[in-house]
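K.L.:
Dumping the structure here so I can ask a few things about it.
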Amino acid sequence: MYFKMFWTFFKIGAFTIGGGYAMIPLIQEEVVEKNGWLETDEFMDILAIAEVTPGPVAVNTSTYVGYKLKGIKGSLICTLGTILPSFLIILSIVTFLWQYRQNQVIDKIFLGIRPAVAALIFSAVYKLGKSMKLNWSKIAIAAVTVLLIEGINISPIYIILVAALGSIGYFKFKEKNI
């Protein structure tokens, strides 16, 4: 089981260009659909927690999945599987391509990768949006959040704190009325 967990996250880390949100649909496919380690709703909850926890969202998600499956040892194995490919790739780039950093061909190759990364991130957002069971109130909350952050320049930290407190209050009120 440990090797399967490591290999699952190693493959995701190795073959996902763009990291972070580009990895989320692959993690969801592997963890929920292929291996059945988590249910879709539980994965969405984990993703929400991973987004507000410091660090890369894909690493946080893999750490939680590993912990849920096999405790501390599982979390370490899944985290290592996720970050090891990136570490090795960056190490290789620095080792072998650093001397060509001023080369125009190499520069254009990296510029050409950017649209692919943007497409992967858009794909991740689209797939997550489909599985979130969106309704008008959730869309309105998202729109207000974007307006507060971009329009009024409110720090996302304040919005996260207000959302957390609001959720706690909402569910406490809901519990009392059941």
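The values are calculated or read from the model by the stated rules, or taken from the named source; none is laboratory data. Since the model is a prediction, treat every value here as computed from it, not as a measurement. Note that each Cβ is placed from the backbone with ideal geometry, even for glycine, and that neighbours are counted across all protein chains shown. Ligands, DNA and RNA are excluded from the accessible area calculation, which covers all protein heavy atoms including side chains. Shrake-Rupley method; radii C 1.70, N 1.55, O 1.52, S 1.80 Å.
K.L.:
Taking G112 as meeting all but one of (1) open to solvent by less than 60 Å² (accessible area, probe 1.4 Å); (2) assigned by TED's automatic domain parsing to the domain that holds I24; (3) under 30 Å from E33 (Cβ atoms); (4) at pLDDT 80 or above, write down the number of the exception.
P.N.:
With respect to (1) open to solvent by less than 60 Å² (accessible area, probe 1.4 Å); (2) assigned by TED's automatic domain parsing to the domain that holds I24; (3) under 30 Å from E33 (Cβ atoms); (4) at pLDDT 80 or above, G112 is out only on (3).
K.L.:
In addition: List, please: which pairs have Cβ atoms under 8 Å, are six or more places apart or on different chains, and start with a residue in the stretch 100-116 that is of a type in the set (A, V, I, L, M, F, W, C) and end with one that is outside any helix (DSSP H, G or I)?
P.N.:
If the second residue must be outside any helix (DSSP H, G or I), the pairs left are I113/I17; A116/I17; A116/G18.
K.L.:
Checking M44 against (1) out of contact with any helix residue (DSSP H, G or I) (no Cβ under 7 Å at 6 or more places or on another chain); (2) under 25 Å from Y158 (Cβ atoms), which test does it fail?
P.N.:
Every condition holds for M44 apart from (1).
K.L.:
Does A142 satisfy the condition of being open to solvent by less than 80 Å² (accessible area, probe 1.4 Å), outside the structural domain of I24 (by TED's automatic domain parsing) and closer than 24 Å to A22 by Cβ? Explain how you work it out, then say what you get.
P.N.:
Values: open to solvent by less than 80 Å² (accessible area, probe 1.4 Å): yes; outside the structural domain of I24 (by TED's automatic domain parsing): yes; closer than 24 Å to A22 by Cβ: yes.
For A142, the condition - open to solvent by less than 80 Å² (accessible area, probe 1.4 Å), outside the structural domain of I24 (by TED's automatic domain parsing) and closer than 24 Å to A22 by Cβ - is met.
K.L.:
Could you grab me the full set of residues in the stretch 40-67 that are open to solvent by 40 Å² or more (accessible area, probe 1.4 Å), at pLDDT below 90 and in a helix (DSSP H, G or I)?
P.N.:
Hits for the stretch 40-67 are T40, D41, E42, D45, A48, I49, E51, V52.
K.L.:
Please enumerate the residues belonging to the stretch 15-34 that are surrounded by fewer than 15 Cβ atoms within 10 Å (Cβ to Cβ) and in contact with a helix residue (DSSP H, G or I) (Cβ under 7 Å, 6 or more places away or on another chain).
P.N.:
Within the stretch 15-34, just I17 meets the criteria.
K.L.:
So, one more: In the stretch 73-107, which residues are surrounded by fewer than 10 Cβ atoms within 10 Å (Cβ to Cβ) and part of a helix (DSSP H, G or I)?
P.N.:
T95, F96, W98, Q99, Q104, V105
K.L.:
Only one of these is over 22 Å from I12 (Cα atoms), open to solvent by less than 90 Å² (accessible area, probe 1.4 Å) and either hydroxyl-bearing (S, T, Y) or part of a helix (DSSP H, G or I) (or both): S123, S137. Name it.
P.N.:
It is S137.
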